[in-house]
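Peer 1: Have a look at the structure that comes next, please.
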Amino acid sequence: MSKIRILPEHIVNKIAAGEVVERPASVVKELVENSIDAGASSVEVVVRKGGRELIRVSDDGEGMSREDALLALSRHATSKISSEEDLEAISTLGFRGEALPSIAAVSRLTLSTKREGDLAGTQVVVEGGMLKDVREVGRDLGTTVEVRDIFFNTPARRKFLRSTETELRHITQVVTELALAHPGVAFSLSHGARKLMVLPRRRGLSERMEDIFGKERMTKVLPVSLKERGIEVEGAVGLPELARRSGVPQHILVNGRPISHRNLSHAVYLGYGELLPKEASPFFVLSLRIDPRAVDVNVHPTKREVRFSDERKVFDAVVRAVRAALQTEALAPHLEYPEVHPRAREIKEALEKYISKAQQLPLSLELPRHGEAEEGRPVPLWQAHNKYIFAQVKNGIIIVDQHAAHERVLYEEALRNLSGERPRSQHLLFPAVLTLSPVEMRFLEESAPLLEALGFVIRVLGKDVVAVDAVPAGVGPRWRDGELFSEIVGELAEGGTGAGLKEKLAAVYSCRAAIKAGEPLSPKQMQQLIDQLFATEQPFVCPHGRPTLIRVPLEDLDRQFGRR
Ligand code: ADP
Ligand code: MG
């Protein structure tokens, strides 16, 4: 009894048509998808020469009968749908019945397979679409498909293949995505004898992510978990410091299917809001579960595009899921505080102190009743643990990291000064006299113009002695009798004077000269810092990409207090 049927024409006509075999990675994708659909618990991929010479995908899935093994290679033959209604709610990765015949048409393909309980397995050989051999073979339960010499009979398409490295990159990407989408399946990928990926079976996405992206990176992500209106979103978003201009992993999975979706990516960015540095791409892996009837995967032959019956709803869920992960994790007492956020504990402590303090305030000190400070009236500021400044803003509160904030202020000021603006300097009553190492001295001589542009006034007194007569205004108590200068020169001298020195100098200077955690600030200093911060170009991230402030929307507080 065969499971596979040839789809009747009226169904075929409803299926998005087109070529699916573009390059070796597309073959890997289709074969691995078949293995997953077959219920495999382990999938092994071996390629040679970037997949040009060989692609072999082996699984321990349910296998096929002899009859099905032959049928599977016919066009529009599938076991996954049988009626038009089935098209409305696809729960498998495949459904078109086109992949195996399309691959077999442009390669030398050998399929071997065995079902549980069958005495023998079946091996089918097809070359350029022609059946060459069918025979019994001994093998374990499961299916192996070997694809050799892809495009051997279509030289024009063979010519379009890129370098081994490029093809391999695409293949790795395909395996990575499907592995993220199916943490319960073990995967391995080898290039010849070289093992590129070995991923054991995992219980969930977060463990799989750790295997793929490494423990280190996982300390810089926040878990995402949201369930609303029939949509489940799980996964992780990276802290802003993981964001880069390009090359950052970004994955969206819908019902176990990796997809590309402009609007959903956009929703992620929207969730970050101003936390994201300009033009930076954040790290994210989001896995969505939605009723398959609300997702149309029959849009494009490669099945990477999907349409949602209610896109707005999905979009909103993603924005909210990302926002919740980034902004309010410290607020929800029932959530596990992710150890992964390096400052989660501090933020939580600060916040709890804030809340309990607010509760203790005498009534006359209550914050303005209507949620916003009136025009012109100073907003009350409160410093917690000599580290965080709490301030009321429109529709919520912000918590400012005093060090990160000041770093941002000094960084932008330093960059302006280094590109020719006149620095604000402050003359020292007593010049600092400092002894430097020979390397530091050489560095100083070469970079004296930059240091002066920053606002330092330096005199060389001897072979290894300098005096600093003036310092950039705003350095304040961090000057520490010149120790600040020694630190900056020491740190930069190690790297030497090369390209990017200006930015490095600005970064090192701002980090060292910024207000530290632990410094008590007067109300006036806090106000000044916050004013300066909001006058910068990128007030929401420090030069290292960490947030300078966290916003807690009033609506979140209202929700936490059961007001809504
Ligand atoms: P589709 O996946 O869209 O159904 P394919 O051409 O990829 O079409 O595969 C055709 C059929 O062959 C599948 O429906 C399935 O029944 C069978 N098949 C393919 N690969 C495997 C496999 N690895 N294990 C078991 N059955 C498979
Ligand atoms: Mg398939």
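Bear in mind that the values in this text are calculations on the coordinates, not laboratory data. From a predicted model like this one, the values you see are computed outputs, not experimental measurements. As a convention, Cβ positions derive from the backbone with ideal geometry for all residues, glycine included, and neighbour counts pool all protein chains shown.
Peer 1: Using the 10 angstrom Cβ neighbour count as an exposure proxy, how do GLU311, GLU167, GLU555 rank, fewest first?
Peer 2: Taking fewest neighbouring Cβ atoms as first place, the list is GLU555, GLU311, GLU167.
Peer 1: Cα to Cα, under 28 Å, and not fewer than 8 places away if on the same chain: which lysines meet these conditions relative to LYS14?
Peer 2: Leaving aside lysines fewer than 8 places away in the same chain, those within reach of LYS14 are LYS3, LYS29, LYS80, LYS303, LYS313.
Peer 1: Hey, another quick one. How large is the translational diffusion coefficient of the stretch 402-549 in µm² per second when you combine the Kirkwood radius over alpha carbon pairs with Stokes-Einstein at 20 °C and 1.002 mPa s?
Peer 2: Answer, rounded: 137 µm²/s.
Peer 1: In addition: Exceeding 31 Å between C-alpha atoms, which entries from my cross-link table qualify? They are LYS195/LYS227; LYS463/LYS502; LYS195/LYS502.
Peer 2: Numbers: LYS195/LYS227 38 Å; LYS463/LYS502 26 Å; LYS195/LYS502 42 Å.
Violating the 31 Å limit, Cα to Cα: LYS195/LYS227; LYS195/LYS502.
Peer 1: Oh, and also: Over all alpha-carbon pairs in the stretch 471-539, figure out the percentage whose distance exceeds 16 Å.
Peer 2: Details: 1338 of 2346 pairs.
Value for the stretch 471-539 (Cα pairs over 16 Å): 57 percent.
Peer 1: In which sequence would TYR411, TYR388, TYR269 go, from the one with the fewest C-beta neighbours within 10 Å to the one with the most?
Peer 2: Ranking TYR411, TYR388, TYR269 by Cβ neighbours within 10 Å, fewest first, gives TYR269, TYR411, TYR388.
Peer 1: Under 20 °C and 1.002 mPa s, how fast does the chain diffuse according to Stokes-Einstein, given a Kirkwood radius computed over C-alpha pairs? Answer in µm²/s, whole number.
Peer 2: 77 µm²/s
Peer 1: Right, something else. Taking other Cβ within 10 Å of each residue's Cβ, how do MET64, MET218 sort, fewest first?
Peer 2: Placing the least packed residue first, the sequence is MET218, MET64.
Peer 1: I would also like to ask the following. Over the chain, what is the relative contact order in whole percent, taking alpha-carbon pairs under 8 Å and six or more residues apart?
Peer 2: Values: 1046 pairs, mean separation 63.6, N = 564.
The value is 11 percent.
Peer 1: In percent, how large is the relative contact order of the stretch 416-506, given Cα pairs closer than 8 Å and 6 or more residues apart? Walk me through the numbers before you get to the answer.
Peer 2: Details: 113 pairs, mean separation 31.0, N = 91.
Rounded, it is 34 percent for the stretch 416-506.
Peer 1: Please go through the stretch 453-483 and write out the trypsin sites (Lys or Arg not before Pro) that DSSP classes as loop and that have at most 13 other C-beta atoms within 10 Å. Could the numbers behind the result be given before it?
Peer 2: Working: sites: ARG459, LYS463, ARG478, ARG480; in loops: LYS463.
In loop regions of the stretch 453-483 (DSSP not H, G, I, E or B), the sparsely surrounded trypsin sites (Lys or Arg not before Pro) are LYS463.
Peer 1: When only C-alpha pairs under 8 Å and at least 6 residues apart count, what is the relative contact order of the stretch 475-563, in percent? Mind dumping the intermediate values first?
Peer 2: Working: 30 pairs, mean separation 19.6, N = 89.
Relative CO of the stretch 475-563 lands at 22 percent.
Peer 1: Hey, which aspartates and glutamates would be in cross-link range of LYS132, C-alpha to C-alpha under 18 Å, not counting anything within fewer than 8 residues on its own chain?
Peer 2: LYS132 reaches GLU67, ASP68, GLU146, ASP149.
Peer 1: Per residue, what volume in Å³ does the convex hull of the Cα atoms of the stretch 17-111 enclose?
Peer 2: In the stretch 17-111, the Cα convex hull volume per residue is 100 Å³.
Peer 1: Same structure, new question: Charges at C-beta only: +1 for Lys and Arg, -1 for Asp and Glu. How large is the resulting dipole of the stretch 402-535 about its Cα centre, in Debye rounded to 20?
Peer 2: Charge dipole of the stretch 402-535: 240 debye, to the nearest 20.
Peer 1: Follow-up. For the stretch 22-51, which GluC sites (Glu not before Pro) pass both filters: DSSP loop (anything but H, G, I, E, B) and at most 16 other C-beta atoms within 10 Å?
Peer 2: For GluC sites (Glu not before Pro) across the stretch 22-51 that sit outside H, G, I, E and B with at most 16 neighbouring Cβ atoms in 10 Å, the list reads GLU22.
Peer 1: Now for a different question. Tell me the chymotrypsin sites (Phe, Trp or Tyr not before Pro) within the stretch 124-164 that lie in a loop according to DSSP and have at most 11 other beta-carbon atoms within 10 Å.
Peer 2: On the way: sites: PHE151, PHE152, PHE160; in loops: PHE151, PHE152, PHE160.
Of the chymotrypsin sites (Phe, Trp or Tyr not before Pro), the ones in loops of the stretch 124-164 whose Cβ has at most 11 other Cβ atoms within 10 Å are PHE160.
Peer 1: Toward the positive end of the charge dipole of the chain, about the Cα centre and with charges on Cβ (Lys, Arg +1; Asp, Glu -1), which of LEU7, ALA193, LEU444 goes farthest?
Peer 2: LEU7
Peer 1: Averaging over all projection directions, find the projected area of the Cα convex hull of the stretch 61-142 and quote it in nm² with one decimal place.
Peer 2: 5.7 nm²
Peer 1: Under a straight-distance cross-link criterion of Cα-Cα below 26 Å, which lysines are reachable from LYS394, leaving out those fewer than 8 residues away in the same chain?
Peer 2: LYS278, LYS348, LYS353, LYS357, LYS524
Peer 1: Additional query: Direction-averaged shadow area of the convex hull around the Cα atoms of the stretch 147-205, nm²?
Peer 2: Taking the Cα atoms of the stretch 147-205, their convex hull projects to 4.8 nm² on average.
Peer 1: Given the DSSP H assignment, sum -39500 (n - 2.57) over each helix run of at least 4 residues in the chain and divide by its residue total; what's the result at 222 nm in deg cm²/dmol, nearest 500? Could you put the intermediate results ahead of the total?
Peer 2: Numbers: 18 runs with 195 residues, N = 564.
After summing the helix terms and dividing by the residues of the chain, the value is -10500 deg cm²/dmol.
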